[in-house]
Amino acid sequence: PLHRLEPGMITLDIDYRCGSMRRPQQVQFHVSWPARPFSLLDQDLAIDALRYIAKDSEMDELLSGGATKRAEAFARFWRERSRDTTTAYNEVMAEFYYRVDDALRKYSTSRESDGYKTDRGRIYILYGPPQRSDRSLQPNAAPTEIWTYERLHRRFIFIDTERNGNYILSQSENL
């Protein structure tokens, strides 16, 4: 079934038979993931972003060996977290990397070009977009951003002490 195929080139071996006659044929086709997260195109970035959810031992395995060994460890990591192991598409992985893509776009700054490594990027990846976001810009105070996750009963307070767009997590509160 197509939903079980990983993206990439697939070779299908077909064996036609009619009585004693036999004709083998190979057909190649490409399985694609049209809305594939951009961050999955770079293996190093995809693995590095896992720093927020992977154990140290898992990160060691993901970072060791050549590209093939790392790709196998990466596939195994996500297969273990898949909600539906009967399909190649992994909803959990897709959501994670869509958030990584959003963090790259929204939270990259002049000081940190990889927005997923920023404090706001990390919280966004782990919890998704906040239900409410408030920004305070006072003349004699550092800009502050407050993210509220009502469903999690949590609030995160970020402060841009250097006024360069790089908001640092200063406080996390339970509501």
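The values are calculated or read from the model by the stated rules, or taken from the named source; none is laboratory data. A quick note: this is a predicted structure, and the numbers were derived from the prediction, not measured. Positions of Cβ are backbone-derived with ideal geometry, glycine not excepted, and every protein chain shown enters the neighbour counts. SASA here: full protein model, heavy atoms, side chains in, ligands and nucleic acids out. Shrake-Rupley method; radii C 1.70, N 1.55, O 1.52, S 1.80 Å.
For segment 1-100, what value does the Rg/Rh ratio take when both radii are computed over Cα atoms and Rh is the Kirkwood radius, given to two decimals? Provide the component values of the computation, followed by the final result.
Numbers: Rg = 17.6 Å, Rh = 15.7 Å.
That ratio equals 1.12.
If M59, M9, M21 are ordered by their accessible area, calculated over protein heavy atoms with a 1.4 Å probe, which sequence runs from highest to lowest? Before the final figure, lay out each step's value.
Working: M59 25, M9 115, M21 135 Å².
Result, largest first: M21, M9, M59.
Heavy atoms only, 1.4 Å probe, whole protein assembly: order L12, L50 by accessible area, highest first.
Details: L12 80, L50 0 Å².
Per-residue accessible area, sorted high to low, gives L12, L50.
If you wrap a convex hull around the alpha carbons of segment 125-175, what volume per residue comes out, as a whole number of Å³? Each step should come with its number before you reach the end.
On the way: hull volume 4.0 nm³, N = 51.
Residue-normalised Cα hull volume stands at 79 Å³.
If one takes the longest principal axis of the Cα atoms in the chain, at what angle in degrees, from 0 to 90 and to the nearest 10, does the Cα axis of helix 67-79 lie?
Taking Cα atoms only, the helix is inclined about 80 degrees.
If the cut-off is 26 Å between C-alpha atoms, which lysines fall inside it for K55, apart from same-chain ones fewer than 8 positions away?
Excluding near neighbours in sequence, the set is K69, K117.
Per 5 Å bin from zero, what fraction in whole % of the C-alpha pairs of segment 74-174 is there, up to the bin with the longest pair?
Whole-percent P(r) values from 0 Å outward: 2, 12, 19, 19, 18, 12, 8, 5, 2, 1, 0, 0.
For the pair W78 and E112, how long in nm is the line joining their label points, each one 7 Å along Cα→Cβ?
For W78 paired with E112, the spin-label model returns 2.4 nm.
Note the direction-averaged projected area, equal to a quarter of the hull surface, for the Cα convex hull of the chain, in nm².
Details: hull surface 57.2 nm².
Computing the convex hull of the Cα atoms and averaging its projections yields 14.3 nm².
Determine ³J(HN,Hα), in whole Hz, for all residues of segment 88-105 in sequence, where each value follows from phi through the Karplus function 6.51 cos²θ - 1.76 cosθ + 1.60 and θ = phi - 60°; x replaces Gly and Pro.
6, 6, 10, 4, 5, 5, 4, 4, 4, 6, 5, 5, 4, 4, 4, 5, 4, 6
Given Cα pairs under 8 Å that are at least 6 residues apart, what percent is the relative contact order of the chain?
Working: 249 pairs, mean separation 23.0, N = 175.
The normalised contact order for the chain reaches 13 percent.
Would you please classify the overall shape of segment 37-83 from the alpha carbon gyration tensor, given that a ≥ b ≥ c denote the square roots of the eigenvalues, rounded means a/c under 1.5, and beyond that prolate means a/b larger than b/c while oblate covers the rest? Could the numbers behind the result be given before it?
Details: a/c = 1.21, a/b = 1.00, b/c = 1.20.
Rounded.
Please calculate how many Å² of accessible area segment 76-121 carries per residue, with a 1.4 Å probe and no DNA, RNA or ligand atoms counted.
Values: 2510 Å² over 46 residues.
Accessible area per residue: 55 Å².
For the pair D60 and I10, what calculated FRET efficiency results from E = 1/(1 + (r/R0)^6), where r is the Cβ-Cβ distance and R0 = 30 Å, to the nearest 0.05? Mind dumping the intermediate values first?
Details: r = 32 Å, r/R0 = 1.07.
The pair I10/D60 has a calculated efficiency of 0.40.
Tell me which of S57, Y127, T109 sits at the most positive position along the dipole axis of the chain, charges placed on C-beta atoms (Lys, Arg +1; Asp, Glu -1).
Going by the Cα projections, it comes out as Y127.
Which whole-Hz ³J(HN,Hα) couplings does segment 20-30 yield from phi under the Karplus relation 6.51 cos²θ - 1.76 cosθ + 1.60, θ = phi - 60°, glycine and proline marked x?
In residue order, the calculated couplings are 8, 7, 9, 9, x, 8, 10, 10, 9, 8, 10 Hz.
Among T68, I10, L41, whose Cα sits farthest toward the positive end of the charge dipole of the chain (+1 at Cβ of Lys/Arg, -1 at Cβ of Asp/Glu, about the Cα centre)?
Result: I10.
With a 1.4 Å probe and all protein chains left in place, how much of the accessible area of the chain comes from carbon and sulfur atoms, in whole percent? Walk me through the intermediate numbers first.
Numbers: 5530 of 11200 Å².
For the chain, the apolar C and S fraction of the accessible surface comes to 49 percent.
Counting Lys and Arg as +1 and Asp and Glu as -1, each charge on the Cβ, what is the dipole of the chain about the Cα centre in debye, to the nearest 20? Mind dumping the intermediate values first?
Working: 26 positive and 26 negative charges, 88 e Å.
About 420 debye.
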